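Please read the structure below before turning to the comments.
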Amino acid sequence: MQDSDARPAKRARTDAPRVSERDVGLLEYIHPDWRPLHAILKQRYTDFLVHEIDLAGHVTRLTSLAPPTDLFAPAAAVPGHWDDLAPYFDAVDALQALAAHADAPPVDSRPLPDKADRTRVHQLIRELAGATLQSEAATRGDGSPMIRVARRAADARARPRDDPRSEAVAAPPYIHFTLQKTNRDSQEALQWLARFLKLDSRGRASAANQLSVAGTKDKRAVTVQRVALQRGRRTAMDVWNMVNHIGQPVSSARGETRRRTRELALTTRAERGLRIAHLAYASAPLQLGDLSGNQFTITLRDVRWADESAADVPSLTATLTQQVAQMQEHGFLNYFGMQRFGTGHVSTHAVGLAVLRGDYAEAVRLVLQAPPDDAPADDDAPPAVVAVRAAQAAVAAGKYRDAYRLYPKTCVAERAVLEKMSAPHWSPNDALGAFQNIPRSLRLMYVHAYQSYLWNRLVSERVRRHGARAPVAGDMVESDGTHRVLTADDAARASIEEVVMPMPGAEVHLPEGWLSDMYTAMLQADGLTPLSLASSRQPEYRLKGAFRRMVQKPTGMTCSFLRYDDPDAPLCATDEDALLDAEALPAPSDAAPYLALQLVFQLPPSSYATVLLRELLRTDTSAHAHKALTKQAQDARAAA
């Protein structure tokens, strides 16, 4: 399976301007004198590998694809006695007779309003009579609950899952497993897993709530992380079989009779780019934040100086090795990366600003806004692009029901807004109702994007005024969970790593000084005040605020270089590929025309690897910019 996402030439088109780094406040560098570097990021998904680091500091990896074995040992049986049923039945001897004689009549319990008592009766009947008797919930004439015990029909079999000591019943309530996903965002991956596991037969997105993760991961990448499943009666082996489609048809082709086997699952790549391994029972789910960071393995292709067409490899590699060492020492500005602001023509922070202003009509307009009129037409555009254009035309014509039908299901916000707007009793004055129809997590993403935008701007202005190598008087620092403003004497003794900058919200209180003035002025320029951030009529949009470190240093950072001939060749193996021995990596060659730089480093949660790369590259790190670089390289090779 080719994991490069290069598209046929007919599907390429020149887009209208998209959100750039400057639009969202990424303006400055710690090392402003570094020379811009040409490099292609994420040409293949395997060029961007992410491995989660758990709270104990262990890097999460796939080290085996084998199914789970010996995960559960049943507790030793504690023998029950018929007399244990005496509190629940008037005549225990009638139950014993029922177990001994096939023609004995059913036996009813006393009224059992307590569910715990009914559960205990079911357990005792299974332990004492095995498959001979069956117990069922019933109702007495006065409406009170009871248990009816009868002989099991000759052709009926007891289900192993009914055994209270079985793995399905007695194992801990959660299963944790390692997931490797390829080119899927976290929510999409969880929804696919929910479908595989039949968590909800109607396919509702809420089914994914039975799955939890410690943190979300990049989409355009190969990422490895732990996932927790609230398992119900599913065993670890059930989960492994269901996700690997054991027993399902190999393909949907007409006449296909082959079934997916365990051997096939262990020797081919996973379905839908979702591979699970290392299953284990656990007593609790995962919570967001249950990680200490992520390890990145990033391969940059066709590396050369931006103003040169060919690389002087010895000089270039020496300079980059030195710069990587300097970045390890001095770090990078801890900006929120472009992923925070979406990939479309309207940044998510612009929608968030409209929400914080209480201008929901503007928020809805931005959600539904079409690209600028100068976006070129392309009859050969992908079907999804054609569908979006048709939907946007329907919106412009006021045909909201048609627009809702035309938008692809991936356009979650647009469809949610239009679903409300196409309702029979919706009023154009009810922009709030239309916006509130968007899923809550997505609505909050908009306002959090504005927080991130303002933080980026504050950092850029602070660096423009004072540089990024040392603290200055008036900076705020964090130590032992408290925040204080530095005096000139304090600044001389403090580290730049201690400096924090405020994210807007009600709990951010800044003493008088240049930082407070800058913070207030930026809010006012956007039509906001510190007070308005906490006084929205919609409680969910009342921002609390926080502080975030201005400079972040990577740990364990290393770099290596590779010369290669084939511009599309895989240069780094995923965990799954290494276990399958799926793709051979190119052999080193000093004569090969292309140079790749591979970086390995670790970052704490909420720090962006693409922002670290921005410090090194000096070029736009947005996804569309690097897709354009990939396309340019393909065109150049085709013309050669």
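The values are calculated or read from the model by the stated rules, or taken from the named source; none is laboratory data. In this text the structure is predicted, and so the values were computed from the model without any measurement. Neighbour counts are summed over all protein chains in view; Cβ atoms, including those assigned to glycine, are modelled from backbone coordinates with ideal geometry.
Brief remarks on what is shown
- Residue in region 312-338 that is nearest to Q369 (Cα to Cα), counting only those that are part of a helix (DSSP H, G or I) and in contact with a helix residue (DSSP H, G or I) (Cβ under 7 Å, 6 or more places away or on another chain): M338
- Flag if L533 is at pLDDT 90 or above, over 25 Å from T487 (Cβ atoms) and of a type in the set (A, V, I, L, M, F, W, C): no
- Number of residues in region 204-256 that are of a type in the set (V, I, T) and either out of contact with any Leu (no Cβ under 7 Å at 6 or more places or on another chain) or in a loop (DSSP other than H, G, I, E, B) (or both) equals 5.
- Screening T14, T69, T46, T63 for residues that are at pLDDT 95 or above and in a loop (DSSP other than H, G, I, E, B) leaves exactly one candidate, T63.
- Flag not set for A370, criterion: more than 30 Å from N456 (Cβ to Cβ), surrounded by fewer than 19 Cβ atoms within 10 Å (Cβ to Cβ) and at pLDDT below 95.
- Only one entry of Q96, Q123 meets the criterion of being in the same structural domain as A150 (by TED's automatic domain parsing) and over 45 Å from the mean Cα position of the chain (by Cα), and that entry is Q96.
- The lone criterion from (1) outside the structural domain of P604 (by TED's automatic domain parsing); (2) in contact with a Ser or Thr (Cβ under 7 Å, 6 or more places away or on another chain) left unmet by L528 is number (2).
- Residues (closer than 16 Å to A86 by Cβ and either in contact with a His (Cβ under 7 Å, 6 or more places away or on another chain) or not acidic (D, E) (or both)) located in region 101-117: V107, S109, R110, P111, L112
- Scanning region 558-585 for residues that are of a type outside the set (S, T, N, Q) and out of contact with any Leu (no Cβ under 7 Å at 6 or more places or on another chain) turns up D565, D566, P567, D568, A569, D577, A578, L580, D581, A582, E583, A584.
Every residue, every condition in (1) small (G, A, S); (2) within 27 Å of G352 (Cβ to Cβ); (3) in contact (Cβ under 8 Å) with a residue 24 or more places away in the chain; (4) buried (at least 19 other Cβ atoms within 10 Å of the Cβ), yes or no:
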site	(1), (2), (3), (4)
L454	no, yes, yes, yes
V463	no, yes, yes, yes
P471	no, no, yes, yes
D489	no, no, no, no
E497	no, no, yes, no
H509	no, yes, no, no
E512	no, no, no, no
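- Any hit, region 603-625, residues being farther than 27 Å from T343 by Cβ, touching a residue at least 12 places away in the same chain (Cβ under 8 Å) and either surrounded by fewer than 20 Cβ atoms within 10 Å (Cβ to Cβ) or not basic (K, R) (or both): no
- Contact map, region 248-270: residues that are closer than 26 Å to V222 by Cα paired with residues that are part of a helix (DSSP H, G or I), Cβ distance under 6 Å, separation 6+ or inter-chain. No pairs are found.
- N294 satisfies every condition listed in (1) surrounded by 18 or more Cβ atoms within 10 Å (Cβ to Cβ); (2) in a helix (DSSP H, G or I) except (2).
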